[in-house]
Amino acid sequence: MQIIRDIAMLHRAVTALKQAGGSVALVPTMGALHDGHLSLVRMARRVADHVVVSIFVNPTQFGPNEDFAAYPRDEARDAALLAQEGAALLWAPDVATMYPGGHRTHVEVAELGADYCGAARPGHFDGVATVVAKLFNQVRPDVAIFGEKDWQQLAIVRRMARDLDFAIDILGAPIARDADGLALSSRNAYLSAQQRAAAAAFPAALQAAARAIADGADVGETLANASAAIVGGGFDSVDYVALADADSLERLTALRHPARLLAAARIGKTRLIDNLPIA
Ligand code: AMP
């Protein structure tokens, strides 16, 4: 696997892959790879001939009081895992390569980025949409894979690709979870042993709520019960637990398909997100 940090070299390497025949899939990540990321790489290998993985901890999607500096970074370990999974290229630009002096353009997907994580993290999804548009133009893949773990991000990337005519298939990959149901996340590394044990209350509360809503329970009451169960399970606060239209992300007060339960909660200094479909 080649590790590339320079855009001209990236273009040459991707052109060489395409000339060798076959399609290219891109898996964008911020590194600190876990099995959730690797499941995206495996899906990429199934749907395309060559897999490019990017690792870039994107400063513009972190707020001033967020964990950009502390975000876990271990490129050597990540590269070894990606080589084992059969990735062809690791695209690992530094910040000055991604945002050369004078960079002033950004992408905003209106409305879809305003609620949920966008409300708690102003500017976050503009940073995400901009860097994903840049990665698409840099790598020029046929397919790009994103995790359903970040449901709002996936909806925003799909809309951006449609609105800006990126000729790239956007695929969502199922959420990879630990045995107790907690969604795998690079941020789980911040949890103490006690917090990690308590964190299982989050997916458990969402599963119970998703079942209740599918069975016809009152939506407002069910969401309130889920929030109470999350805090009762040891979380410090709940940013949101909401029922949303799975595509437009509009908040729903009554079940209408396709619907998705979306949630974010804080335990200590760590903010975790999760989501589930409503059957
Ligand atoms: P990140 O490095 O957190 O930016 O994540 C990179 C990609 O991996 C995103 O598309 C995430 O949605 C996806 N991802 C992260 N965690 C998981 C997980 N537990 N299951 C599936 N995909 C995930």
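The values are calculated or read from the model by the stated rules, or taken from the named source; none is laboratory data. Computed from a predicted model, the values in this text were never measured in an experiment. Cβ atoms come from the backbone with ideal geometry, glycine included; neighbour counts cover every protein chain shown. Heads up: the accessible areas ignore ligands, DNA and RNA and are worked out on the full protein's heavy atoms, side chains in. Shrake-Rupley method; radii C 1.70, N 1.55, O 1.52, S 1.80 Å.
Can we say ARG104 is farther than 28 Å from ALA264 by Cβ and without any contact (Cβ under 8 Å) to a residue 60 or more places away in the chain?
When the stated conditions are applied, ARG104 passes them.
Select from the stretch 224-279 the residues that are closer than 12 Å to ALA209 by Cβ and in a loop (DSSP other than H, G, I, E, B) and write down the one among them that is most open to solvent (accessible area, probe 1.4 Å). Only one residue tops the list, namely LEU255.
Filtering the stretch 44-71 to residues that are open to solvent by 30 Å² or more (accessible area, probe 1.4 Å) and near the ligand (Cβ under 10 Å from one of its atoms) leaves nothing. When the stretch 75-97 is filtered for residues that are farther than 16 Å from GLN138 by Cα and open to solvent by 70 Å² or more (accessible area, probe 1.4 Å), the ones remaining, listed by number, are ALA76, ARG77, GLN84.
Can you tell me which residues in the stretch 176-203 are under 23 Å from SER237 (Cα atoms), within 12 Å of the ligand (Cβ to nearest atom) and in contact with a helix residue (DSSP H, G or I) (Cβ under 9 Å, 6 or more places away or on another chain)? The answer is ARG177, ASP178, GLY181, LEU182, ALA183, LEU184, SER185, SER186, ASN188. Looking across the stretch 159-212, just one residue is assigned by TED's automatic domain parsing to the domain that holds LEU40 and at positive phi, and that is ASP165. In the set (1) more than 15 Å from the chain's Cα centre (by Cα); (2) part of a loop (DSSP other than H, G, I, E, B); (3) within 15 Å of the ligand (Cβ to nearest atom), ALA161 fails one condition alone, (2).
Taken over the stretch 164-175, the criterion of being within 13 Å of the ligand (Cβ to nearest atom) and either open to solvent by less than 40 Å² (accessible area, probe 1.4 Å) or in a helix (DSSP H, G or I) (or both) is satisfied by ILE170, GLY172, ALA173, ILE175. Does any residue of the stretch 199-221 turn out to be in contact with a Lys or Arg (Cβ under 9 Å, 6 or more places away or on another chain), surrounded by fewer than 19 Cβ atoms within 10 Å (Cβ to Cβ), at pLDDT 95 or above and outside any helix (DSSP H, G or I)? Yes - at least one qualifying residue is present in the stretch 199-221.
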